[in-house]
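A.B. asks: Let me give you the structure first, and then I'll get to my questions.
The values are calculated or read from the model by the stated rules, or taken from the named source; none is laboratory data. Predicted model only: the values in this text are computed from it and were never measured. We place every Cβ from the backbone using ideal geometry, glycine too, and count neighbours over all the protein chains shown.
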Amino acid sequence: MAKHDIKSKNIKNIDNRKRPLDRTEDGKHIDIFLIFVICLVVVALSLGQLIVPDKEKSDNENRYLTQAPKFDISNILEGKFESQLEEYLSDQIPGRENWIKIMSTVSTSIGMTDVNGVYVLKDGRLIERKTEAEFNAKRFRRNLENVAEFRDEVSEGGTEVRMLLVPTAAYSYREKFNASTNFDEVAAMDQAKEVLGDTLIKFRNSLMPEDEGSRGYYYLTDHHWNYQGAEKGAKAYMKSIGKKLSKCTSETLSEDFMGTLYSKVLLTKKVRDRIEIPEESKDIKVEVTIEDEKYDSIYFMDRLENKDKYEVFLGGNYDRVDIVNKEDGARALPKLMIIKDSYANSFVPFILGDFREITLIDTRYYRESVKDLALDGEYDDVLVLYSIPNFSEEKLNLNESALQ
């Protein structure tokens, strides 16, 4: 009630003005109890953080946790200390995973479908959210122009350059749920076509749910495309270079994969994924070089024992991976460079037998000039392969060395 309304009343007892007009004694007791509980929780969490040692890494989320910020005057004056402290307290809160489970369960029980940056569909499928504010449109445009400049430079040496942009599950399933909070993916793909023209491989509507099998083209609990999605991508690429993808037979390596999106919500109703590979790829003789170590397979089977089973593909992400086809007659095949994010890791097995060499470059870690490598390495083809959100976050620099 506004103050001028109170003054207009004929109130004899001025003390009544100090008491909320709609508050009962029971209500006051409930408020006091809630305040007491909140204070108790805050104190308990604070004590817990003092007693429980900080964790360096979350195995469930497969990421390193924020450590205690450095307390100095410059950090405080620049405003960094407060934000670092907030991240630290959030990451190191005792029982953090239990709190995530509780909040996710409560949120979905009251009908919320957007939980901690993840859309939760009725069938248990989890889809990563990327809002307009989170999508870096300026960087996306700059990266497209960087690819176009790289293509113009490299093509003079006779190397063909193509780009495969993978749409998100939110785009593919947009008719299945309310994805209105997601960024405008159609506009992003239109812009890519405008900048790159025929360099961009036609793929935007290849992963639509109406064409899917029982599990679709994306993992149920992870942001990556699954076996069927990667196979579709391989077919589109091979078609773009005038070839046909060889027939593949899927082999299941694990039926117990819980991906990065599950780690964000930790819902107790678990939906598990299958890790599958093309069976034929296991029989191809290869020599794989990663950080000066040599391997005879593109698969790291020991990673199936880890939380992130997707690392079975090439063991994870590195600055450069070189794969040499050791099969008879392989010397007559073309040589390929893939500039990539992690989507390429499960893509490579489908085209493994079609190239004499495949070089994978992850520009997040590669510090030398990609353009110089493409020209000096005598590659027949270069494929730039990214998911659209990852491409918008990448500080792409293909034409100069990051060491300069």
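A.B. asks: Residues to consider are Ile358, Ile323; find the one that is assigned to a strand (DSSP E or B), modelled with pLDDT of 95 or more and either closer than 16 Å to Glu291 by Cβ or among the charged types (D, E, K, R) (or both). First the steps, then the outcome.
C.D. replies: Numbers: Ile358 fails: either closer than 16 Å to Glu291 by Cβ or among the charged types (D, E, K, R) (or both).
When all the criteria are applied, what remains is Ile323.
Table: residues versus (1) under 22 Å from Gly229 (Cα atoms); (2) without any contact (Cβ under 8 Å) to a residue 40 or more places away in the chain; (3) β-branched (Val, Ile, Thr).
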site	(1), (2), (3)
Ser281	yes, no, no
Asp302	no, yes, no
Lys309	yes, no, no
Gly315	yes, yes, no
Ile338	yes, no, yes
Ser342	yes, no, no
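A.B. asks: OK, next. What's the number of the only condition in (1) of a type outside the set (A, V, I, L, M, F, W, C); (2) outside any loop (DSSP other than H, G, I, E, B); (3) crowded, with 21+ Cβ neighbours inside 10 Å that Asp222 fails to meet?
C.D. replies: For Asp222, the exception is condition (2).
A.B. asks: Going through region 311-348 one residue at a time, which ones are over 15 Å from Thr363 (Cβ atoms) and either in contact with a Cys (Cβ under 6 Å, 6 or more places away or on another chain) or among the small types (Gly, Ala, Ser) (or both)?
C.D. replies: Gly315, Gly316, Gly329, Ala330, Ala332, Ser346
A.B. asks: Any residue that is under 19 Å from the mean Cα position of the chain (by Cα), among the β-branched types (Val, Ile, Thr), crowded, with 23+ Cβ neighbours inside 10 Å and not in a strand (DSSP E or B) - is there at least one of those in region 346-354?
C.D. replies: To start, the set of residues in region 346-354 that are under 19 Å from the mean Cα position of the chain (by Cα) comprises 346-348.
Pick out the ones that are also among the β-branched types (Val, Ile, Thr) and you get 348.
Adding the requirement that they be crowded, with 23+ Cβ neighbours inside 10 Å leaves 348.
Then drop every residue that is not not in a strand (DSSP E or B), which leaves 348.
Checked region 346-354: at least one residue is under 19 Å from the mean Cα position of the chain (by Cα), among the β-branched types (Val, Ile, Thr), crowded, with 23+ Cβ neighbours inside 10 Å and not in a strand (DSSP E or B).
A.B. asks: So, restricting to helices (runs of 4 or more DSSP H) that lie completely within region 104-203, which ones have at least 2 residues that are among the aliphatic types (A, V, I, L, M) and more than 28 Å from Met258 (Cα to Cα)?
C.D. replies: 137-155, 185-196
A.B. asks: Regarding Arg204, is this residue under 20 Å from the mean Cα position of the chain (by Cα), closer than 25 Å to Arg141 by Cα and in contact (Cβ under 8 Å) with a residue 24 or more places away in the chain?
C.D. replies: yes
A.B. asks: In addition: Here are the criteria: (1) surrounded by 13 or more Cβ atoms within 10 Å (Cβ to Cβ); (2) out of contact with any Asp or Glu (no Cβ under 6 Å at 6 or more places or on another chain). Tell me which single one Glu279 does not satisfy.
C.D. replies: With respect to (1) surrounded by 13 or more Cβ atoms within 10 Å (Cβ to Cβ); (2) out of contact with any Asp or Glu (no Cβ under 6 Å at 6 or more places or on another chain), Glu279 is out only on (2).
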